[in-house]
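Novice: Here it is: the structure, laid out below.
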Amino acid sequence: MRYPHLSTHEVFNQAPPLAGHDVAADQALLTCVTEYQAAWALPELHEIGRQAGTSEVLEQARLANVHSPVLRTHDRYGHQIDEVEFHPAWHQLMAAAISHGLHAAPWASDRPGAHVARAAKFYVWTQAEAGHGCPISMTYSVVPALRHAPELAASYEPLLTSHVYQPVLAAPQTKAGLLAGMAMTEKQGGSDVRANTSRAVAAGDGSYLITGHKWFCSAPMCDMFLILAQAPEGLSCFLLPRVLPDGTRNAMYLRRLKDKLGNRSNASAEVEYENAVAWPVGELGRGVPTIIEMVSSTRLDCIIGSAATIRQAVVEAAHHARHRKVFGVTLADQPAMRAVLADLALESEAATLLAMRLAAAADRAARGDPAEAALLRLMLPAAKHWICKRTPLVVAEALECLGGNGYVEESVMPRLYRDAPLNSIWEGSGNVTALDLLRALSRSSARSAEGIESLRAELTSDAGADRRFDRATDRLFAELSALSSADRVSAQFQARRLAGLLTVTLQCSLMLKNSPAAVSDAFLATRLAGTGGLSGPGVSFGMLPDGLELTPVLGRAGTR
């Protein structure tokens, strides 16, 4: 409603709400979906994209974050229940995600491209709201680990892949759909899970009784969790349900919810077990190799989710710049802003192409391709390290494009800013992933060599396309060769830089394969050392070399 007597308060020169668009209208994403055998999913992908761009879903996202989950330890009669209450908007977002199979659904399909289609849908939908992606991602990731216990997998996998969201706590086999989580870290160990003190004692009927605590258990309202505990054989992996088959609550107690910087729509809890019932998954004493199957898939989702955050931030910045005028000209037409937006768009496209290429590797690995499995093992820690660390930088720059409008809570940018560092921490912070990369490279096994050869085949398929890229590829493999003779200390000092070098070189290859020539040229000119580019680590965005053709790049920056 307008108030005529308040003529000085007429609103103008403000960007309209960014709503009513198709979030899936992302040419880099669509190119990958078609390239990686998932074109059959395009109609549903656009359906999800249009839904994610509605005012209704954007309001659900706002409400789910404004009204953070609340822990209810007891019911009105004094019974301990340890349940987490979420705003109805959370459940609406969850139901939509599961109905479209963003969780474990691809594991029930042998259709080529199933995991690519799921990755694309996850990328699009989490741009509406990222917090609820946590239980969605963990449910997707639990299946390959659970298959180390065939009897448990046969019982639970059909329910984990179901398209039904049923948030009530009940005996798993009485429900139409299940969600799964994981709990590994403890307060005294963190990423050093071998320091865990939770213990597992055989109950004599095939189950084990778990006593101990976990410092971080995200999405504690999931139906079941993979956890690590010390059995007599050593650190082992177990499946622990919230509710036992007879309908009684398992002895898993929620002590408090974490008061987190971001990811506020999602609950993360400290939990304790007191003779909680669980079943072993995989070989006893081999808990880390078993649960790493789950970690690998959640790391992939860290990359996909970070690429989605980057894309969302860039679209928000471009939308604002196309509608806001300064000195009579839109921001998007100001040379300095064009340079910043183009640089951000390059970062977004490269992140998206890499995320989807790794999703394709996961899809092919799931169907038995050993070379793709080896490539994934090599590139997951490198890409997770690099993409997740670039995300906060992109979001900060994109927020600045909106000026003061981006710094207020009515805009989505503060939420993106708070959430941006999360994926860099979850499933292994920077040093953890960099050291994991070194382990993948230093192994003398055939799988390690196969990973390097798979990467070589991927990169050399573009040999001769660009001299800058050829030089970068030669430099990368020279460094990989030198690493084999480096001492442990020197290797660790180089680990982070090597992760970046691996990731950016593969991104260049993917840009050459999939992006318009002007776009790939701009990326190589700004991201490869020795090419005159200035947009590397530690340098602000928008410092582009002269002579780049920016119009095609800006055309990739989002909806108009």
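Novice: Among the residues that make up the range 273-285, is at least one of them crowded, with 24+ Cβ neighbours inside 10 Å, in the same structural domain as HIS115 (by TED's automatic domain parsing) and in contact with a helix residue (DSSP H, G or I) (Cβ under 8 Å, 6 or more places away or on another chain)?
Specialist: Yes - at least one qualifying residue is present in the range 273-285.
Novice: Taking the condition of being part of a helix (DSSP H, G or I) and under 29 Å from PRO16 (Cα atoms), how many residues in the range 383-425 meet it?
Specialist: Residues that pass the stated criteria total 24.
Novice: Report whether or not ARG357 is crowded, with 22+ Cβ neighbours inside 10 Å, of a type in the set (Lys, Arg) and more than 30 Å from GLN14 (Cβ to Cβ).
Specialist: When the stated conditions are applied, ARG357 passes them.
Novice: In the set ARG118, ARG62, ARG76, which member is in contact with a Leu (Cβ under 8 Å, 6 or more places away or on another chain) and either in the same structural domain as MET413 (by TED's automatic domain parsing) or of a type in the set (Lys, Arg) (or both)?
Specialist: Sole residue among the options that is in contact with a Leu (Cβ under 8 Å, 6 or more places away or on another chain) and either in the same structural domain as MET413 (by TED's automatic domain parsing) or of a type in the set (Lys, Arg) (or both): ARG118.
Novice: Here's another thing I want to ask about it. Any residue in the range 230-239 that is surrounded by fewer than 24 Cβ atoms within 10 Å (Cβ to Cβ), at positive phi and in contact (Cβ under 8 Å) with a residue 12 or more places away in the chain?
Specialist: Yes, some residue in the range 230-239 is surrounded by fewer than 24 Cβ atoms within 10 Å (Cβ to Cβ), at positive phi and in contact (Cβ under 8 Å) with a residue 12 or more places away in the chain.
Novice: Within the range 445-491, work out how many residues are acidic (Asp, Glu), in a helix (DSSP H, G or I) and over 29 Å from the mean Cα position of the chain (by Cα).
Specialist: Here the count works out to 2.
Novice: Report yes if some residue within the range 76-91 is in contact (Cβ under 8 Å) with a residue 12 or more places away in the chain, surrounded by fewer than 18 Cβ atoms within 10 Å (Cβ to Cβ), within 30 Å of ALA24 (Cα to Cα) and acidic (Asp, Glu); otherwise report no.
Specialist: So far as the range 76-91 goes, no, none of its residues is in contact (Cβ under 8 Å) with a residue 12 or more places away in the chain, surrounded by fewer than 18 Cβ atoms within 10 Å (Cβ to Cβ), within 30 Å of ALA24 (Cα to Cα) and acidic (Asp, Glu).
Okay, residues lined up against (1) surrounded by 14 or more Cβ atoms within 10 Å (Cβ to Cβ); (2) of a type in the set (Lys, Arg); (3) free of Cβ contacts under 8 Å to residues at least 24 places away in the same chain; (4) not in a loop (DSSP other than H, G, I, E, B):
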{"site": "VAL142", "(1), (2), (3), (4)": "yes, no, no, yes"}
{"site": "PRO158", "(1), (2), (3), (4)": "no, no, no, yes"}
{"site": "TYR165", "(1), (2), (3), (4)": "yes, no, no, no"}
{"site": "GLU186", "(1), (2), (3), (4)": "yes, no, no, no"}
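Novice: Only one of ARG364, ARG324 is surrounded by fewer than 24 Cβ atoms within 10 Å (Cβ to Cβ) and out of contact with any Asp or Glu (no Cβ under 8 Å at 6 or more places or on another chain). Can you tell me which?
Specialist: One residue alone meets the criteria, ARG324.
Novice: Checking the conditions here, which among LEU6, LEU63, LEU42 is of a type in the set (A, V, I, L, M, F, W, C) and modelled with pLDDT under 95?
Specialist: From the options LEU6, LEU63, LEU42, the qualifying one is LEU6.
Novice: When you go through (1) touching a residue at least 40 places away in the same chain (Cβ under 8 Å); (2) under 30 Å from SER141 (Cα atoms); (3) not basic (Lys, Arg) one by one for GLY368, which number turns out not to apply?
Specialist: So the condition that GLY368 fails would be (1).
Novice: I've got another one for you. Among (1) out of contact with any Cys (no Cβ under 9 Å at 6 or more places or on another chain); (2) assigned to a helix (DSSP H, G or I), which single condition is LEU341 missing?
Specialist: Tallying (1) out of contact with any Cys (no Cβ under 9 Å at 6 or more places or on another chain); (2) assigned to a helix (DSSP H, G or I), LEU341 fails exactly one: (1).
Novice: So which pairs qualify, if the first residue must be in the range 15-38 and without any contact (Cβ under 8 Å) to a residue 24 or more places away in the chain and part of a helix (DSSP H, G or I), the second must be surrounded by fewer than 17 Cβ atoms within 10 Å (Cβ to Cβ) and among the aliphatic types (A, V, I, L, M), the Cβ gap must be under 8 Å, and the two must be at least 6 apart or on different chains?
Specialist: LEU30/LEU42; THR34/LEU42
Novice: In addition: Check ALA108 against each of (1) farther than 17 Å from SER162 by Cβ; (2) surrounded by fewer than 18 Cβ atoms within 10 Å (Cβ to Cβ) and name the one condition it does not meet.
Specialist: With (1) farther than 17 Å from SER162 by Cβ; (2) surrounded by fewer than 18 Cβ atoms within 10 Å (Cβ to Cβ) applied to ALA108, the lone miss is (1).
Novice: I would also like to ask the following. Going through MET221, MET182 one at a time, which residue ends up being part of a loop (DSSP other than H, G, I, E, B), under 26 Å from the mean Cα position of the chain (by Cα) and buried (at least 18 other Cβ atoms within 10 Å of the Cβ)?
Specialist: When all the criteria are applied, what remains is MET221.
Novice: List the pairs whose first member sits in the range 45-64 and is in a helix (DSSP H, G or I) and crowded, with 23+ Cβ neighbours inside 10 Å, whose second member is at pLDDT 95 or above and aromatic (Phe, Trp, Tyr), and whose Cβ atoms are under 6 Å apart, counting only residues at least 6 apart or on separate chains?
Specialist: Going by the 6 Å Cβ cut-off, the qualifying pairs are ILE48/TRP125; ALA52/TRP125; ALA64/TRP90.
The values are calculated or read from the model by the stated rules, or taken from the named source; none is laboratory data. Please read these numbers as outputs of a predicted model, since none were measured by experiment. A quick note on method: Cβ atoms are made from the backbone with ideal geometry, for glycine too, and the neighbour counts reach across all protein chains shown.
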